[in-house]
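The values are calculated or read from the model by the stated rules, or taken from the named source; none is laboratory data. None of the values given here were measured: they were computed from a predicted structure. Here the Cβ positions follow ideal geometry from the backbone for every residue, glycine too, while neighbour counts run over all protein chains shown.
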Amino acid sequence: MSQLPPALAITPVDHPLVGRVSPPGSKSITNRALLLAALANGTSRLTGALKSKDTALMAAALQQMGVTVEEPDDTSFVVTSSGRLAAPSGPLFLGNAGTAVRFLTAAVATVDGTVVVDGDDHMRVRPIGPLVTAIASLGVDIVAETGCPPITVRGNGSFGRGRVEIDGGLSSQYVSALLMAAPLGDGPIEVALTGSEIGARGYVDLTLAAMRSFGARVEQTADGTWLVQPTGYKAADLLVEPDASAATYLWAAAALTGGDIDLGVAADAFTQPDALAQAVIAQFPNMQAVIDGSQMQDAVPTIAVLAAFNNQPVRFVGIANLRVKECDRINALSTELNRIQPGLAREEGDDLVVNADPALMHAAQRNARTRIETYSDHRIAMSFALAGLKIGGIIVLDPACTGKTYPAYWDMLAGLGVKLEAAT
């Protein structure tokens, strides 16, 4: 849909959704690869990449720092760099792109000069204090006065050396940010977790794999400790795999409608943690009573909406980090599920309990209009669109916010036979 309206009404489907859909490239891998290519000397070619608001913001920031980023087609980036980032003429504005802000906060410490990393109003309340403290311990002049962006970094061209400790409990992106900048140190850097908890550990493995693709030498010396050599990076060509978080919507849509959507890639072929969601979704409508979302955090909104139709209530645990995503996703999920049907969900501490009602599977003729607030959060919009496949009257507000990671989401649904129309 070339021009999305302010609100989109979804007509429930009366047939299984069947077809072939190619999910967009992984946002997580694309933004890692863009940064690593910018830190590498030479020309790197990234294919199968995601073109979305988040990756566009990352590419634009890299261009501000002297990196050449070309886009020869809809799924490729060609990145040419000297291997060093230059001080930009103005602040780096990164909207609400959490990966870009966290990764660049560490990377710009290698710039010889001052860099300000900033975002929109939503980003300015997302915490980054633990990462700032860790970078400062390496001797970098860095400050975030509110503990959130904007961050001011006065770099001297090096990421330092020695041991840096980080609490990864709030976000694995802090750990990934340190690891990716570490090869630009002036000596080996040891990155160590201060606690046993880490949000979505699988994303650190994703980071390590991307780093090694660009020539980094990094080894895990103990549980939660990595030693990174000061090798810098070498240009490389990288094929980006499809986005597992995007795949969750397709798996859920097939489960809800009894359909069969071919993604062109098996669930076990993904290296991204959110692919773990496929095994959970496959249990629908008998998903287990307790689901640990700690290692598949971006898939939780998908599964939570699916859980509304389950045969038994579902409690989501290990999801405290969802409170500091694009919005407070625990509160947003509870609020919007209850907007569909009072009592459908509740928050208990940092757990989310979805009080499943299998009768919702037969609510296509429901006359009530339910306007789903999306909080400028792409995952809330895409997840609640799934509810509209079975429940009459679902209207998704600000549908364009899906452009953050899946610009073709609504076209994909329409291509599968879902009727979408502007709503007032």
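Worth a mention:
- Any hit, region 38-56, residues being of a type in the set (Gly, Ala, Ser), assigned to a helix (DSSP H, G or I) and free of Cβ contacts under 8 Å to residues at least 24 places away in the same chain: yes
- Hits in region 148-173 (condition: touching a helix residue (DSSP H, G or I) at 6+ places or on another chain (Cβ under 9 Å) and among the small types (Gly, Ala, Ser)): 155, 157, 158, 160, 168, 169, 171, 172
- Residue within region 282-291 that is touching a residue at least 24 places away in the same chain (Cβ under 8 Å), part of a helix (DSSP H, G or I) and over 20 Å from the mean Cα position of the chain (by Cα) present: no
- Residue ID - surrounded by the most Cβ atoms within 10 Å (Cβ to Cβ), chosen from residues in region 212-232 that are of a type outside the set (A, V, I, L, M, F, W, C) and not in a loop (DSSP other than H, G, I, E, B): 213
- Contact map, region 350-361: first residue more than 18 Å from residue 300 (Cα to Cα) and assigned by TED's automatic domain parsing to the domain that holds residue 297, second residue in a loop (DSSP other than H, G, I, E, B) and among the basic types (Lys, Arg), Cβ cut-off under 8 Å, separation 6 or more or different chains; pairs are 360/390; 361/390.
- In region 233-264, the residues that are hydrophobic (A, V, I, L, M, F, W, C), part of a strand (DSSP E or B) and closer than 23 Å to residue 364 by Cβ: 261
- Residues within region 162-191 that are over 18 Å from residue 38 (Cα atoms), of a type in the set (Gly, Ala, Ser) and either outside the structural domain of residue 41 (by TED's automatic domain parsing) or at pLDDT 95 or above (or both), tallied: 2
- Applying the condition of being small (Gly, Ala, Ser) and in a loop (DSSP other than H, G, I, E, B) to region 304-327 and asking which residue is farthest from residue 174 (Cα to Cα) yields 308.
- Tally of residues being over 24 Å from residue 368 (Cα atoms) and either crowded, with 17+ Cβ neighbours inside 10 Å or of a type in the set (S, T, N, Q) (or both) across region 1-16: 2
- Entry remark, region 366-378: residues being assigned to a loop (DSSP other than H, G, I, E, B), modelled with pLDDT of 95 or more and surrounded by fewer than 17 Cβ atoms within 10 Å (Cβ to Cβ) number 1 in total.
- Just so you know, in region 307-340 the residues that are among the polar types (S, T, N, Q) and either in contact with a strand residue (DSSP E or B) (Cβ under 9 Å, 6 or more places away or on another chain) or within 30 Å of residue 148 (Cα to Cα) (or both) include one that is surrounded by the most Cβ atoms within 10 Å (Cβ to Cβ), and it is 310.
- Residue in region 9-28 that is under 21 Å from residue 117 (Cβ atoms) and not in a loop (DSSP other than H, G, I, E, B) present: yes
- Those residues of region 60-75 which are surrounded by fewer than 24 Cβ atoms within 10 Å (Cβ to Cβ) and not charged (D, E, K, R), in sequence order: 60, 63, 64, 65, 66, 67, 68, 69, 72, 75
- Inter-residue pairs, beta-carbon under 6 Å, first assigned by TED's automatic domain parsing to the domain that holds residue 327 and at positive phi and in region 375-391, second part of a helix (DSSP H, G or I) and of a type in the set (A, V, I, L, M), 6+ apart: 375/332
- The one condition from (1) at pLDDT 95 or above; (2) charged (D, E, K, R); (3) outside any helix (DSSP H, G or I) that residue 197 does not meet is (1).
- One residue alone among 235, 209, 255, 247 is surrounded by fewer than 24 Cβ atoms within 10 Å (Cβ to Cβ), modelled with pLDDT of 95 or more, out of contact with any Cys (no Cβ under 9 Å at 6 or more places or on another chain) and not assigned by TED's automatic domain parsing to the domain that holds residue 49, and that residue is 255.
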